Every structure is written in C-alpha cells, then in structure tokens.
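The values are calculated or read from the model by the stated rules, or taken from the named source; none is laboratory data. Nothing here was measured: the structure is a model prediction, and the numbers come from that model. Cβ sites come from the backbone with ideal geometry, for glycine too, and all protein chains shown count toward neighbours.
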Amino acid sequence: MKKFNPVKSSDDKISLLEVFDNSYPARDYIIIHNASEFTSVCPKTGQPDFGNITISYIANKKCVELKSLKFYLQSFRNEGIFYENVINRILDDLVKVMKPKWMEVTGNFSVRGGIQSRISASYGKK
C-alpha cells in the first residue's frame, strides 16, 4: 500500500492564490464560493477522497480571484491529507492572503465505509 506524505509547507500552495481589491470594503456582504469537485488522497489508504468545499467570507480589503482559487484547490489532488487538516489549511491559507473580516470553510466529503464527514472551520466574527 502506497503511503502519501503531507506537504511540509503550504507556501507553495499559497503562492497559487491571487487577490484583488474589494470595491466595497465598508460594506459587509457575504461572498460564497462552492467547489463541487474537490479531491485529495487519504494518507492512510492512498485512496482518493472526494468532496464539496464551500468558502464563505466577508471581505475586508481583498477578495480571492477565482481562477487562482481553482488551481489552489486542485493542488490538493495528489496530496495525502486528512479531511480536518485540509479544511483548516485552506482556511489558514486564505486568511493569510486575504485578511477577511470573517471566513468559514466547510467540506462535505463523500461517503466512505458508510460514514459521511462534514468539517467546518471559521475565522473572525460574522
């Protein structure tokens, strides 16, 4: 059985993310991005994991550019990483580059072994 090791640093992944200026930083409005074809790899079994990632946030001065977000999320495709870790890493990386007022990242992962998992992590106050 092939073991997959997690990436030691997320700096390479963060460099994929691009941001642009929020035209309405004084207004609190919620932005929601949904990636329905997220994939990563189970670090124990080497089997693929499939999920739906929802990123919701109230921007401060910056918003995430969608093409870069797509490439960022695709960079997890061959990475061995637990559900809990991937959701927290996505949150940490996006907070680092955007510094939002509030953000929540939720992963709804496909059923495996009769168990479906939903992981949510948040930053700031809504």
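Key figures for this structure:
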item: Verdict on E104 being of a type in the set (D, E), modelled with pLDDT of 95 or more and buried (at least 17 other Cβ atoms within 10 Å of the Cβ); result: yes
item: Members of region 69-126 that are over 16 Å from I31 (Cα atoms), in a strand (DSSP E or B) and in contact (Cβ under 8 Å) with a residue 40 or more places away in the chain; result: G80, G107, N108, F109, S110, R112
item: Top-ranked residue of region 33-87 - restricted to ones that are of a type in the set (D, E, K, R) and closer than 26 Å to D21 by Cα, ranked as surrounded by the fewest Cβ atoms within 10 Å (Cβ to Cβ); result: K67
item: The listed residue being hydroxyl-bearing (S, T, Y) and in contact with a helix residue (DSSP H, G or I) (Cβ under 8 Å, 6 or more places away or on another chain), out of T45, T106, T54; result: T106
item: Qualifying residue in region 66-86 (condition: within 14 Å of the chain's Cα centre (by Cα) and under 19 Å from K125 (Cα atoms)); result: no
